[in-house]
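> First, the structure itself, so that you have it in front of you.
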Amino acid sequence: MAVSGGGDSVALLHILSRCFEPGAVEVAAVTVDHGLRPQSAREAEEVGELAERLEIAHTTLRWTGWDGTGNLQARARDARYRLIGEWAKTLEISVVAFGHTADDQAETVLMGLARSSGVNGLSAMPVRRTLHGINLLRPLLGATRQELRDYLRGHDIAWSEDPSNEDDRFDRVKVREALKLLAPIGLTAQVLSDVAGNMAQAREALDWFGFLSARDLAVVDGGDVSMDLRRFRTLPAEIARRLLTRAILWVGGQDQVLRRVPVSQALDAARQGRAITLGGCHVLSHGNRIWVCREFNAVRHERSGPQEIWDRRWRLDGPCEAGVEIRPLGRKGVSDCPDWRLTGRPLSSVIASPAIWKDDELLAAPLAGRPEGWKVRLTGGEEEFFASLLSH
């Protein structure tokens, strides 16, 4: 479990220390010290001391990546998830629990409303999701902060309060204050959390229809996603948006959230057969099909050795020799692949595909009609794309 030292996560620590039969589940706790406040190190130590009393192994991870630029809360959050994911993988932990509450859920819903979010944004935080290769679990989404603090007081357990929770420079703090004004008219944290639950059910239904639609009109070809243009145009707008978004994220190898406006622009372009770039991908029309392929500029500096993973998703195996490296094919390499058109893939796809180079000499390009004894495969397999439509 992830434990910051605040009331929510400390309550989670105590609850999980008691809710299993002895020996049934191995429990470990981790704290990320962002180093942004002088007292953060001591707060992490206090979590460790509580974990020791509860006979739970505890680890403190330290983040030193803040350079003073960008959105502090977003950068800290991303770093927290990344560090915890690396910690979990090292210890072969497959599930990590977080102490998010109904209040967090309500705040996320209101922030989604402010951004004119659709079903996904208003469904807020799911109870379960996969991120950085680990399963995130939020078992306290049905509980309020007040309930958890009453629980801690009842067990005489102290917790720390992060002063940034009172800093109205942050949007989430402003939303927290707005919730106090909305409560008298019935818009309580629990009600908004229930709205998120309703939207989550709608999201699940849309995800399932999107999955069935993908099975009907999409194929994975050389790491690209190709979709029948005519049938894509007949899809309801929300299903088409979901399908295109997931294709872009999967081909681009990213976990990020794509903004609704640029996705809508990409959707319009795809339906009209125009080309557009988004999320490190090139979306274009080719042979009466929509193609989502990797953008060359996104991989032009990618380098790896043979049998290493290239661009986070490709593994190439073949007759190795000294000085060989994996790089994108590029336009220079295409000129040495006279049969690339026989692949049926658009030029944008081919030039961004992995190729084997020795200095300036092209040795092989498996996805451009020049395998030369080399084999290329996706690390997650082609079925990973279709599965991704149901797992986010």
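> Here are the criteria: (1) surrounded by fewer than 20 Cβ atoms within 10 Å (Cβ to Cβ); (2) among the charged types (D, E, K, R); (3) more than 30 Å from Glu107 (Cβ to Cβ). Tell me which single one Asp224 does not satisfy.
(1)
> Tally the residues that are part of a loop (DSSP other than H, G, I, E, B) and either of a type in the set (Ser, Thr, Tyr) or under 16 Å from Val96 (Cβ atoms) (or both), restricting the search to region 1-17.
Count: 3.
> Quick check on my filter: what residues within region 184-199 are part of a helix (DSSP H, G or I) and either open to solvent by 40 Å² or more (accessible area, probe 1.4 Å) or in contact with a helix residue (DSSP H, G or I) (Cβ under 6 Å, 6 or more places away or on another chain) (or both)?
Pro184, Ile185, Ala189, Gln190, Val191, Leu192, Ser193, Asp194, Val195, Ala196, Asn198, Met199
> Among the residues of region 220-229, is there at least one that is in a loop (DSSP other than H, G, I, E, B) and within 20 Å of the chain's Cα centre (by Cα)?
Taking every residue of region 220-229 in turn, at least one turns out to be in a loop (DSSP other than H, G, I, E, B) and within 20 Å of the chain's Cα centre (by Cα).
> Scanning for something modelled with pLDDT under 90 and surrounded by fewer than 16 Cβ atoms within 10 Å (Cβ to Cβ), does region 53-65 turn up at least one residue?
Yes: one or more hits.
> Of everything in region 159-200, what is touching an Asp or Glu at 6+ places or on another chain (Cβ under 8 Å), closer than 23 Å to His34 by Cα and free of Cβ contacts under 8 Å to residues at least 40 places away in the same chain? Give them in sequence order.
Within region 159-200, Asp168, Val173, Lys174 meet the criteria.
> Output the number of residues of region 1-42 satisfying the condition of being of a type in the set (D, E, K, R), in contact (Cβ under 8 Å) with a residue 12 or more places away in the chain and either surrounded by fewer than 19 Cβ atoms within 10 Å (Cβ to Cβ) or more than 21 Å from Arg149 (Cβ to Cβ) (or both).
Of the residues in that region, 2 qualify.
> Another question about this same structure. How many of the residues in region 73-116 are at pLDDT below 85 and touching a helix residue (DSSP H, G or I) at 6+ places or on another chain (Cβ under 9 Å)?
Number of matching residues: 3.
> Name the residue that is surrounded by the most Cβ atoms within 10 Å (Cβ to Cβ), counting only residues in region 115-173 that are within 23 Å of Arg242 (Cβ to Cβ) and among the hydroxyl-bearing types (Ser, Thr, Tyr).
Ranking the qualifying residues of region 115-173, first place goes to Ser123.
> Kindly evaluate Leu212 against the criterion of being at pLDDT below 95 and out of contact with any Lys or Arg (no Cβ under 6 Å at 6 or more places or on another chain).
no
> Moving on. Please verify whether region 81-91 includes one or more residues that are under 29 Å from Leu181 (Cβ atoms), within 19 Å of the chain's Cα centre (by Cα) and either in contact (Cβ under 8 Å) with a residue 40 or more places away in the chain or open to solvent by less than 30 Å² (accessible area, probe 1.4 Å) (or both).
Among the residues of region 81-91, not one is under 29 Å from Leu181 (Cβ atoms), within 19 Å of the chain's Cα centre (by Cα) and either in contact (Cβ under 8 Å) with a residue 40 or more places away in the chain or open to solvent by less than 30 Å² (accessible area, probe 1.4 Å) (or both), which makes the answer no.
> Shifting gears a bit: Which of the residues spanning region 303-330 are closer than 30 Å to Arg274 by Cα, out of contact with any Pro (no Cβ under 6 Å at 6 or more places or on another chain) and at pLDDT below 95?
Within region 303-330, Asp311, Arg312, Arg313 meet the criteria.
> Residues in region 128-150: is at least one at pLDDT 85 or above, of a type in the set (A, V, I, L, M) and over 28 Å from Ser94 (Cβ atoms)?
No, that holds for no residue.
> Kindly indicate whether any position in region 201-208 is among the acidic types (Asp, Glu) and farther than 24 Å from Leu131 by Cα.
no
> Inside region 92-130, can you point out the residues that are among the charged types (D, E, K, R), without any contact (Cβ under 8 Å) to a residue 40 or more places away in the chain and within 13 Å of Ala200 (Cβ to Cβ)?
Correct list: Arg128 only.
The values are calculated or read from the model by the stated rules, or taken from the named source; none is laboratory data. Everything numeric in this text was worked out from a predicted model, so none of it was measured. In this analysis, Cβ positions are derived from the backbone assuming ideal geometry, glycine residues included, and neighbour counts consider all displayed protein chains. With ligands, DNA and RNA removed, areas are computed over all heavy atoms of the protein, side chains included. Shrake-Rupley method; radii C 1.70, N 1.55, O 1.52, S 1.80 Å.
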